[in-house]
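Report on the structure given below.
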Amino acid sequence: MLFEIKNKIDEITYLCDTVKAYCNSNDISDEKYHDIVLILDEMVTNIIMYAYPDGGEHVFSVEIEKTNDSYVNITITDNGIAFDPLAKDDPITSLDIEEREIGGLGIFLVKQLSECIEYSRIDDHNKLNIKVAIVKKEENHGSQERK
Amino acid sequence: MEVKSANDSGITVITPMGRVDTSTAKVFEDAVMAAADANGKIAISFDSIDYISSAGLRVVLMLGKKLKASNGTLVLINMPEKIFSVFKMSGFDKILKICANFDEAKPLFG
């Protein structure tokens, strides 16, 4: 499914509703909806906030495609300023609360939640391909040690 | 987005509802910061949100830093597994107190 997003932060609501409807009609679990919508929120927010410094109204495209029972492919294409999200350093997650920096977590979370991410700059467009696994992985993300 | 606030046993319990993202983070931030100015004992309940993005995590971290500096206490409660996994990926489970529910959190407030 291909849809367009304007560079306005209110569009996140439309994005979430659209992703929710797509997941519901494609038998994608609530847990995976959570991952997909969080990935899209982070990347789309980045584009809305930083890709168009001229401040004018722009539109960019988002595509979600369930390729088979195992994966969803997300493609985000914008014609804003060149930005490679993979070039950014990951935050250091082992620091104490006093030393932790406020910010910089978004792209890191996207990396954690996705199977692979590819960035390319083609014909003045940023193109981001993100592959998300929609079957439950064997690894135990969720083994919780709560106090 | 709505943020509920209640007082239980001298602890301010804040419950964000819906999505905590860039478009709603300011409402969430204003609510938790105002609560922290009024009372150094804060619990945030995460059972009513769809997801929390990095914009929301930023607010939780800012609040954690503020309360740590003022000798207050912050405990995060009622976290569904998917939300907990995001806190864990961020390394926040090591720097913030997370409890299953309010009753377990209570003793941490002293």
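The values are calculated or read from the model by the stated rules, or taken from the named source; none is laboratory data. Computed from a predicted structure; not experimentally measured. Virtual Cβ from ideal backbone geometry, glycine too; neighbours counted across all protein chains shown.
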> When the residues of the stretch A:51-64 are filtered to those that are assigned to a strand (DSSP E or B) and loosely packed, with under 14 Cβ neighbours inside 10 Å, which remaining residue is farthest from the other protein chains (Cβ to nearest Cβ)?
Replying inline: A:Glu63
> For residues in the stretch A:15-37 being exposed (fewer than 15 other Cβ atoms within 10 Å of the Cβ) and hydroxyl-bearing (Ser, Thr, Tyr), which is modelled with the lowest pLDDT?
Replying inline: A:Ser29
> Is there a residue in the stretch A:89-102 that is under 15 Å from the mean Cα position of the chain (by Cα), surrounded by 13 or more Cβ atoms within 10 Å (Cβ to Cβ) and either without any contact (Cβ under 8 Å) to a residue 24 or more places away in the chain or within 30 Å of B:Lys94 (Cβ to Cβ) (or both)?
Replying inline: no
>> Considering only residues that are in a loop (DSSP other than H, G, I, E, B) and at pLDDT 95 or above, which ones fall in the stretch A:124-145?
In response: A:Asp124
> Pick from B:Ala35, B:Ala100, B:Ala31, B:Ala105: which is within 10 Å of chain A (Cβ to nearest Cβ) and either buried (at least 20 other Cβ atoms within 10 Å of the Cβ) or part of a helix (DSSP H, G or I) (or both)?
Replying inline: B:Ala105
>> Considering only residues that are in a helix (DSSP H, G or I) and more than 9 Å from every other protein chain (Cβ to nearest Cβ), which ones fall in the stretch A:23-50?
In response: A:Cys23, A:Asn24, A:Ser25, A:Lys32, A:Ile36, A:Ile39, A:Leu40, A:Met43, A:Val44, A:Asn46, A:Ile47, A:Tyr50
>> Among the residues of the stretch A:94-116, what is the count of those that are part of a loop (DSSP other than H, G, I, E, B), under 21 Å from A:Val132 (Cβ atoms) and facing another protein chain (nearest Cβ under 7 Å)?
In response: 1
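Out of curiosity, is A:Ile12 within 19 Å of A:Thr77 (Cα to Cα), at pLDDT below 95 and surrounded by 20 or more Cβ atoms within 10 Å (Cβ to Cβ)? Explain how you work it out, then say what you get.
Numbers: within 19 Å of A:Thr77 (Cα to Cα): yes; at pLDDT below 95: yes; surrounded by 20 or more Cβ atoms within 10 Å (Cβ to Cβ): yes.
So A:Ile12 fits the description; yes.
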